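Below: the structure, in C-alpha cells.
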Amino acid sequence: MIKCEQYVISLNSIKPSEEFKQAAEKAIESMTPFTDLQNLFDEYGQFFPTRIVLGKLYRHTLLIAYLAKDSETLVGKKDLGANPLESL
C-alpha cells in the first residue's frame, strides 16, 4: 500500500503579503484606479484560491508508476477514469 499524505490550506490560513496590500491600496487610491487595478491583476492574477490541496494528485502518479509492468506502459496512454480535479 502506498501511503500518501494530503495537506489542505484553507482561506482562513492565507494572508496577503505587505507588498500586495500596499499595491492594492495604491491602485484603489490613485487617479486612475481601473488602469492601476488592471496592472495589479496582471502581476498577481485575477483569482484567489479559497482552498489549496497538496499531495492528493501525487498519489495517482505513484499508483500509475507502481502498477506499470514496463516502461512502455508508462509512456502509453492510460485511461485514469474520472477527472481528479472535478472533486475540487
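Taken together, the values in this text are just the output of simple stated rules run on the coordinates, not laboratory data. Computed from a predicted model, the values in this text were never measured in an experiment. No Cβ is skipped: glycine too gets one built from the backbone with ideal geometry, and neighbour counts run over all protein chains shown.
If neighbour count is taken as other Cβ atoms inside 10 Å, put K15, K26 in order from fewest to most.
The most exposed by this proxy come first: K15, K26.
Starting from the Cα-Cα distance between T32 and F47, subtract it from 0.36 nm times their residue separation and give me the gain in nm to one decimal.
Extra length from T32 to F47 when fully extended: 3.3 nm.
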